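Accompanying notes for the structure given below.
Since every read-out is calculated from the coordinates, none of them should be taken as a lab result. Keep in mind the model is a prediction, meaning the values are calculated, not measured. Methodologically, a virtual Cβ is constructed for each residue, glycine included, from the backbone with ideal geometry; neighbour enumeration extends over all protein chains shown.
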Amino acid sequence: MLSNVLRYRSGIENEIRVVSLGLTHYYEDEIRSTGAVLIDLDLRKRPFSALVRSFREIKKSDVLCCWMYHCNFLGYYLGRLAKCKRIVWNIRHSNFEPQYNNSLTLKIIRHCVRLSPRVDLIAYNGERARKMHEAMGYAGNSIVLRNGCDTEYYRLLSDAGQRLKRKLKIPEQKQIVLSVCRYHPIKDIPMFLDTFALIRKGSPNVVAVMCGNGLSADNGELCEQIAQKDLKIGQDIWLTGLRNDLPEYFSACDLFLLHSAGEAFPNTLLQAMACQCVCLSTDVGDAGKILRNPAYLFKSGDAYAMAAKGLELLGKAETDRAEIGRENSGIILKDYDLKAVIRSYESNFVEQ
């Protein structure tokens, strides 16, 4: 979302600098391509120099926008020390269960409760996320700024199914169940594998495709989980790793599953719906507000219920599934236009 805010920002004249703490490099080139200055630090290997450089950059700034808990925590103290005029926190999470969060992150979340009343603005990307944090004790000025989708990029591509099947060597008659996520406990990969295994028992004509960071054949732990379900890579399930051509994958699938144990406002659900996917989701974050059909929402971990609905949808006529896809796309086009969402970010972050 940060990358999108930078790429589609209005003509407001502001110098924008992004400080990366070096925990991931995935979006760095994309951020640089927007014209923003990116300062790449390494908090793990050189914590002192990273904090000193961050402080120097913050001293030059009028507005400090912190993204995610660790940056909210560090940004508050560095911003106050640098006498920054305005500090904004971005919170994009709605699951505090210990099995899905490391202990340091949970400690930071709890510590930030005490800091929250002193922050100029807290921006949550979902209403459920705001309610959960406020129930924990987060206070102060807050707003919900939902995610948006670039519907010019994420749209149905004709013949995508045939192209993808040729590329991956999937038999043409097979139906595709798609997962797009990263390999992390909170994404609940076992939920997807359980659901797909049940779907495949009911319909052997179905295969699965998984896209995302860590979802590749060199992930031994994932391969073991797949083998335990009596599934074979390259025959029942395809692992494609990180992709930069997701509209083709969304357009090619017959069913998209969001299987996370926790989300605030799931971007992949917006993207899949914009590409006219038939979608099912766990009832996490604001997924219910996005999908708008309780029959397509399931309790986290309930693979049997999700699989039963998946089999029902895959058994529908192609024209019926296409109509569901068009309805999903209409929701995104009407209510989640990216450029309108970004105007909200700018008015709350920059212009005040």
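Scanning the stretch 1-33 for residues being of a type in the set (Asp, Glu), part of a loop (DSSP other than H, G, I, E, B) and within 17 Å of the chain's Cα centre (by Cα) gives a total of 0. For ILE199, the requirement of being part of a loop (DSSP other than H, G, I, E, B), within 22 Å of LEU313 (Cβ to Cβ) and more than 21 Å from the chain's Cα centre (by Cα) is not met.
Of the residues making up the stretch 209-255, those that are within 21 Å of LEU291 (Cβ to Cβ) and of a type in the set (Gly, Ala, Ser) are GLY212, SER251, ALA252.
Total residues in the stretch 1-59 satisfying the condition of being of a type in the set (Gly, Ala, Ser) and over 20 Å from GLY75 (Cβ atoms): the figure is 4. Restricting the first member to the stretch 218-244 and to residues that are closer than 14 Å to PHE192 by Cβ, and the second to residues that are part of a loop (DSSP other than H, G, I, E, B), the beta-carbon pairs closer than 6 Å and six or more apart or on different chains are ILE237/LEU231; LEU239/LEU215; LEU239/SER216; LEU239/ALA217. Listed by first and then second residue, the pairs with beta-carbon distance under 7 Å, at least 6 apart or on different chains, first residue in the stretch 92-109 and touching a residue at least 60 places away in the same chain (Cβ under 8 Å) and more than 16 Å from ARG128 (Cβ to Cβ), second part of a helix (DSSP H, G or I) and not acidic (Asp, Glu), are GLN99/PRO185. May I ask you to list the residues in the stretch 182-196 that are charged (D, E, K, R) and either crowded, with 21+ Cβ neighbours inside 10 Å or in a helix (DSSP H, G or I) (or both)? The answer is LYS187, ASP188, ASP194. Would you point out which residue out of LYS107, LYS131, LYS59 is of a type in the set (Lys, Arg), out of contact with any Leu (no Cβ under 7 Å at 6 or more places or on another chain) and closer than 21 Å to SER20 by Cα? Going through LYS107, LYS131, LYS59 in turn, just one is of a type in the set (Lys, Arg), out of contact with any Leu (no Cβ under 7 Å at 6 or more places or on another chain) and closer than 21 Å to SER20 by Cα: LYS59. A single entry from ALA340, ALA307 fulfils the requirement of being surrounded by fewer than 14 Cβ atoms within 10 Å (Cβ to Cβ) and part of a helix (DSSP H, G or I): ALA340. Screening SER179 on (1) surrounded by fewer than 20 Cβ atoms within 10 Å (Cβ to Cβ); (2) under 15 Å from the mean Cα position of the chain (by Cα); (3) among the polar types (S, T, N, Q) shows it passes everything except condition (1).
Among the residues of the stretch 292-333, those that are out of contact with any strand residue (DSSP E or B) (no Cβ under 6 Å at 6 or more places or on another chain), closer than 21 Å to TYR154 by Cβ and free of Cβ contacts under 8 Å to residues at least 40 places away in the same chain comprise ARG292, ASN293, GLU323, GLU327, GLY330. Restricted to the stretch 211-300, the set of strands (runs of 3 or more DSSP E) holding at least 2 residues that are surrounded by fewer than 24 Cβ atoms within 10 Å (Cβ to Cβ) comprises 237-241.
When GLU30, GLU15 are screened for being of a type in the set (D, E, K, R) and in contact with a helix residue (DSSP H, G or I) (Cβ under 8 Å, 6 or more places away or on another chain), only GLU30 passes.
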